[in-house]
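The values are calculated or read from the model by the stated rules, or taken from the named source; none is laboratory data. Just so it is clear, the structure is predicted and the values come from calculations on it, not from any experiment. Quick reminder, even Gly has a Cβ in these numbers, built from the backbone with ideal geometry, and neighbours come from all protein chains shown.
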Amino acid sequence: MATIDDFRKLELKIGEIKEVSEHPNADKLYVVTVDLGDKTKQLVAGIRAFYQKEELIGKQVVVVDNLDPALLRGIESQGMLLAASDETGIVIVSPEKKIKLGSIVK
């Protein structure tokens, strides 16, 4: 079990997707640029089979902002976009209405 202190270590913030491109080395991945208000981050997300690039641009999302960067198929990912999955696919976690970029999710 995770403790409340474990949860508090995560920095969850609202960002807006500004750019999306296909990952050059993976059919299931997008390379996504997200504006967090005070900075921009590049994320690699396994959502390509479930979203068209055009529907992602301008979408507000929840980002784990304080993860160590990771190389995913040769491209650096500087955080993680939160999504839920079940037998029907993947759905991005998003606020129900627009909110200031960089807002803390708690």
Q. Does segment 49-64 include one or more residues that are aliphatic (A, V, I, L, M), touching a helix residue (DSSP H, G or I) at 6+ places or on another chain (Cβ under 9 Å) and surrounded by 15 or more Cβ atoms within 10 Å (Cβ to Cβ)?
A. no
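Is it the case that D35 is among the acidic types (D, E) and modelled with pLDDT of 95 or more?
yes
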**Q.** Filter result (assigned to a loop (DSSP other than H, G, I, E, B) and small (G, A, S)) within segment 1-20
**A.** A2
Q) Can you pull out the residues in segment 61-92 that are farther than 20 Å from L36 by Cα, out of contact with any His (no Cβ under 9 Å at 6 or more places or on another chain) and of a type in the set (D, E, K, R)? A) D86, E87
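Would you point out the residue of segment 1-40, among those that are among the hydrophobic types (A, V, I, L, M, F, W, C) and out of contact with any strand residue (DSSP E or B) (no Cβ under 9 Å at 6 or more places or on another chain), that is nearest to K97 (Cα to Cα)? Give the steps one after another, and end with the answer.
Of the residues in segment 1-40, the ones among the hydrophobic types (A, V, I, L, M, F, W, C) are 1-2, 4, 7, 10, 12, 14, 17, 20, 26, 29, 31-32, 34, 36.
Those still in the list that are out of contact with any strand residue (DSSP E or B) (no Cβ under 9 Å at 6 or more places or on another chain) too: 1-2, 4, 7.
On the way: M1: 32, A2: 29, I4: 27, F7: 24 Å.
So, considering only residues that are among the hydrophobic types (A, V, I, L, M, F, W, C) and out of contact with any strand residue (DSSP E or B) (no Cβ under 9 Å at 6 or more places or on another chain), the one nearest to K97 (Cα to Cα) is F7.
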Q. Any idea how many residues of segment 41-71 are more than 14 Å from the chain's Cα centre (by Cα) and part of a strand (DSSP E or B)?
A. 1
Q) Taking segment 68-106 as the search range and keeping residues that are without any contact (Cβ under 8 Å) to a residue 60 or more places away in the chain and hydroxyl-bearing (S, T, Y), which one is farthest from I57 (Cα to Cα)? A) T88
Q. Looking at segment 3-20, is at least one residue surrounded by 12 or more Cβ atoms within 10 Å (Cβ to Cβ), modelled with pLDDT of 95 or more and among the hydroxyl-bearing types (S, T, Y)?
A. no
